[in-house]
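The values are calculated or read from the model by the stated rules, or taken from the named source; none is laboratory data. A quick note: this is a predicted structure, and the numbers were derived from the prediction, not measured. Every residue, glycine among them, receives a Cβ derived from its backbone with ideal geometry; neighbour counts consider all protein chains shown. Please note that ligands, DNA and RNA were not included when accessible areas were found on the heavy atoms of the full protein model with its side chains. Shrake-Rupley method; radii C 1.70, N 1.55, O 1.52, S 1.80 Å.
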Amino acid sequence: MSFRRISLLAAAALLFGVLAVTSARAQGSRSVADFSLKQNNTEVSLKSYAGSKAVVVVFINQTCPFSTLYQNRLAALSADYGSKGVQFLFIDTPINVEAAIDANEKVKVKASGSPSLPLLTDEGQTVSTLLGATKTPEVVVLQPVSGGFAVRYKGAVDDNPQVENYVKEKYLAQVLDNLLAGRAAGVTDKRAAGCLIKRF
């Protein structure tokens, strides 16, 4: 291999590394100023929760089997961390029907017995687009900072959608525990398993 080719490969590797670090820094410093949701024709704004320790935005769909599997877990997390100053916002999100049917065949879940969650409406899919959500359920953790809210985490609730008792990594709980203790979030993203959000 020629010296010139080695130099080109080294330069490409260096450039890739710089871009990766820049991308990671950008993601870590990403912030949201405000957005609005609707609940029973009443507008709910993100900035009204500026006094919260953190805001967890949850994209969910009641017909998605993965959302159903997480409903008890999400209700428990909301109750537990709500008492610690964390606000949960559950957004009713449209999904691809075909994908939902396929997911239902895979997980074979029943919806009975699950607690109801207070659902908000994301008109025009503004919030899901802004936060880059692609599946239900998917969570985004926001932390109030000067001038807005910093995105601290985006992705899965934990590492086992199907069997709660087999969960080993509780990503959302770990992030919230870290933020409440004044530490960095730790993990910043984990791929969510769920139903694809339908875009209009």
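Residues considered: G186, G124. Of these, the only one that is without any contact (Cβ under 8 Å) to a residue 60 or more places away in the chain, under 28 Å from Q39 (Cβ atoms) and out of contact with any Lys or Arg (no Cβ under 8 Å at 6 or more places or on another chain) is G124. Return yes or no: is V109 outside any helix (DSSP H, G or I), touching a Phe, Trp or Tyr at 6+ places or on another chain (Cβ under 9 Å), closer than 23 Å to L196 by Cα and at pLDDT below 95? So V109 fits the description; yes. Taken over region 131-141, the residue count meeting the criterion of being of a type outside the set (D, E, K, R) and in contact with a Phe, Trp or Tyr (Cβ under 6 Å, 6 or more places away or on another chain) is 4. Residues of region 37-79 that are under 17 Å from the mean Cα position of the chain (by Cα) and hydroxyl-bearing (S, T, Y): S67, T68, Y70, S78.
Note on region 40-65: among residues that are modelled with pLDDT of 95 or more and part of a helix (DSSP H, G or I), the one that is surrounded by the most Cβ atoms within 10 Å (Cβ to Cβ) is L46. Name the residue that is modelled with the lowest pLDDT, counting only residues in region 142-200 that are open to solvent by 30 Å² or more (accessible area, probe 1.4 Å) and at positive phi. It comes out as G147.
Scan region 165-183 for residues that are in contact (Cβ under 8 Å) with a residue 24 or more places away in the chain and out of contact with any helix residue (DSSP H, G or I) (no Cβ under 6 Å at 6 or more places or on another chain) and the total you get is 5.
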